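Taking it in order: structure first as structure tokens, then the write-up.
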Amino acid sequence: MGDPVTRSGFVALAGRPNAGKSTLVNAIVGEKVAIVSDKPQTTRRAIRGVATGKDFQVVLVDLPGVQRPRDALTTRMARRVERELADADAALVVLNGEQGVGGPGDHFIAETLAKARVPVTFAVNKMDKLDRGKAMAALTTAAELAAITGEDAEVFPVSALTGEGVDVLMAHLVSLLPPGPYLYDPSERSDLPGSVRVAELVREQVLRRTRQEVPHAVEVKVDDVERPRDGLAIIRATVVVETESQKGIVIGSGGKMIKAIGTAARPEVEALMGEHVHLELSVRVKHKWRGDDRQLDRLGID
Ligand SMILES: Nc1nc2c(ncn2[C@@H]2O[C@H](COP(=O)(O)OP(=O)(O)OP(=O)(O)O)[C@@H](O)[C@H]2O)c(=O)[nH]1
Ligand SMILES: [Mg+2]
């Protein structure tokens, strides 16, 4: 007998905004590779999270929630979703069990994937929030959606938050991948550059503290990193907003809000970088950056 065969490949996650795709990727990878919030459209880029085992490597492609494009930003997000799904070895549809499964958005996703040639798996997420009756109903509707994509599509109940059901789902995803070598160094967990991960950790704290239009209007960019001595990084980052009033909200009275954002982000940034960090945040207005392709290029959203 030879060595056990390694299976490896890309599993792209599709689902409506807020379904818990990023939470699920983090749970499988075992590290926060994607930020999470209760606001829809948290994820703006494709983020590869790498889960490596003795005989498998699953590269999970976390994606923006599937939605109707409204501006240059959401158009880019939708195109990215299409491209990544076309390139993946398998697709995982994440359904929001708490919000109810089987709405027009879920149907659109199932019908889109029915035309794709990749194997499709469904996860009904947030099972921790469902009583028995609701759980049964969600799983039944999910099975109907799965039937649209093909007779092999299976449905798994999971809770990305508690981890329940995630191992069983993972074993199934691995079984869908072709034999092949590791695609990433097993020590890697994410393909995002460190500076983008830092910017995202700051944005996560902005999302937690703002409401309505503000979370959607915020982007964060790391401008530079200085190392005055070993083990200390001074990171300067800009929080970009669209209007003066949003700038006022993010700064807060007497600078309270921006200070709270920095204080909350710092421990996570330090954990990521493995050194002490001084975060210097400034806030800048870029009028209508979400509709401006040049700004999006500059912010690295493609
Ligand atoms: N109770 C419960 N909440 C969950 C679970 N998974 C995710 N959530 C919550 O659902 C919200 C959305 O989670 P995300 O992981 O950001 O969702 P997403 O699908 O990546 O959203 P977008 O990036 O906007 O498309 C957050 O508040 C999570 O804490 C779960 O299994 N149970
Ligand atoms: Mg997300």
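The values are calculated or read from the model by the stated rules, or taken from the named source; none is laboratory data. Keep in mind it's a predicted model, so treat the numbers as computed, not measured. Because the Cβ atoms are built from the backbone with ideal geometry, glycine has one as well, and the counts that use them run over all protein chains shown. Side chains included, ligands, DNA and RNA excluded: accessible areas come from the protein's heavy atoms. Shrake-Rupley method; radii C 1.70, N 1.55, O 1.52, S 1.80 Å.
Do any helices (runs of 4 or more DSSP H) lying entirely in segment 149-229 carry at least 3 residues that are among the basic types (Lys, Arg), and which ones are they?
On the way: elements: 166-176, 194-209, 214-217.
Hits in segment 149-229: 194-209.
So, of the residues in segment 1-47 that are open to solvent by 30 Å² or more (accessible area, probe 1.4 Å) and part of a helix (DSSP H, G or I), which turns out to be farthest from ligand 2 (Cβ to nearest atom)?
The extreme case among them is Ala27.
Report every pair of residues separated by at least 6 positions or lying on different chains whose Cβ atoms are under 9 Å apart, first residue within segment 9-35 and in contact (Cβ under 8 Å) with a residue 24 or more places away in the chain, second aromatic (Phe, Trp, Tyr) and near ligand 2 (Cβ under 10 Å from one of its atoms).
Partner pairs satisfying both residue conditions: none exist.
With respect to Pro69, is the statement that it is modelled with pLDDT under 95, away from ligand 2 (no atom under 16 Å from the Cβ) and farther than 30 Å from Asp292 by Cβ true?
In short, no.
Residue check, Glu98 against (1) crowded, with 21+ Cβ neighbours inside 10 Å; (2) of a type in the set (D, E, K, R); (3) closer than 28 Å to Lys134 by Cα, all met but one. Which one?
(1)
Would you confirm whether any residue within segment 143-154 is within 15 Å of ligand 1 (Cβ to nearest atom) and in contact with a helix residue (DSSP H, G or I) (Cβ under 7 Å, 6 or more places away or on another chain)?
no
I need a count of the residues in segment 113-142 that are part of a helix (DSSP H, G or I) and in contact (Cβ under 8 Å) with a residue 40 or more places away in the chain.
Selection size over segment 113-142: 4.
If the Cβ limit is 8 Å and pairs must be 6+ apart or interchain, which residue in segment 86-97 that is farther than 10 Å from Phe10 by Cα and in a strand (DSSP E or B) pairs with which residue that is open to solvent by less than 10 Å² (accessible area, probe 1.4 Å) and among the polar types (S, T, N, Q)?
What qualifies is Leu92/Thr121; Val93/Thr121; Val94/Asn125; Leu95/Asn125; Asn96/Asn125.
Hey, any hits in segment 83-106 for a residue that's within 11 Å of ligand 1 (Cβ to nearest atom), closer than 23 Å to Gly300 by Cα and among the aliphatic types (A, V, I, L, M)?
Within segment 83-106 (the criterion being within 11 Å of ligand 1 (Cβ to nearest atom), closer than 23 Å to Gly300 by Cα and among the aliphatic types (A, V, I, L, M)), the answer is no, since none of the residues qualifies.
Kindly list, by first and then second residue, each pair from a residue in segment 57-74 that is closer than 19 Å to Leu299 by Cα to a residue that is away from ligand 2 (no atom under 15 Å from the Cβ) and of a type in the set (Val, Ile, Thr), limited to pairs with Cβ atoms under 8 Å and residues at least 6 apart or on different chains.
Between residues of segment 57-74 that are closer than 19 Å to Leu299 by Cα and residues that are away from ligand 2 (no atom under 15 Å from the Cβ) and of a type in the set (Val, Ile, Thr), the close pairs are Pro69/Thr75.
If I filter segment 60-77 for residues that are surrounded by fewer than 22 Cβ atoms within 10 Å (Cβ to Cβ), β-branched (Val, Ile, Thr) and within 25 Å of Lys221 (Cβ to Cβ), do I get at least one hit?
yes
Out of Thr149, Thr162, report the one residue that is within 30 Å of Gly97 (Cα to Cα), open to solvent by 30 Å² or more (accessible area, probe 1.4 Å) and at pLDDT 95 or above. Full working, then the answer.
Details: Thr149 fails: open to solvent by 30 Å² or more (accessible area, probe 1.4 Å).
Answer to the check: Thr162.
Kindly indicate whether any position in segment 25-34 is within 13 Å of ligand 1 (Cβ to nearest atom) and closer than 19 Å to His216 by Cβ. Steps first, please.
Here is the first cut: in segment 25-34, the residues within 13 Å of ligand 1 (Cβ to nearest atom) are 25-29, 32-34.
This time we only want the ones that are closer than 19 Å to His216 by Cβ, so: 34.
Checking segment 25-34: at least one residue is within 13 Å of ligand 1 (Cβ to nearest atom) and closer than 19 Å to His216 by Cβ.
Name, by its number, the condition in (1) in contact (Cβ under 8 Å) with a residue 24 or more places away in the chain; (2) at positive phi that does not hold for Gln212.
Only one criterion is unmet by Gln212, namely (1).
Among the residues of segment 48-55, is any free of Cβ contacts under 8 Å to residues at least 40 places away in the same chain, open to solvent by 10 Å² or more (accessible area, probe 1.4 Å), more than 13 Å from ligand 2 (Cβ to nearest atom) and out of contact with any strand residue (DSSP E or B) (no Cβ under 8 Å at 6 or more places or on another chain)?
no
Take Pro186 and tell me if it is in contact (Cβ under 8 Å) with a residue 40 or more places away in the chain and open to solvent by 20 Å² or more (accessible area, probe 1.4 Å). It would help to see each step written out before you state the result.
Working: in contact (Cβ under 8 Å) with a residue 40 or more places away in the chain: yes; open to solvent by 20 Å² or more (accessible area, probe 1.4 Å): yes.
So Pro186 fits the description; yes.
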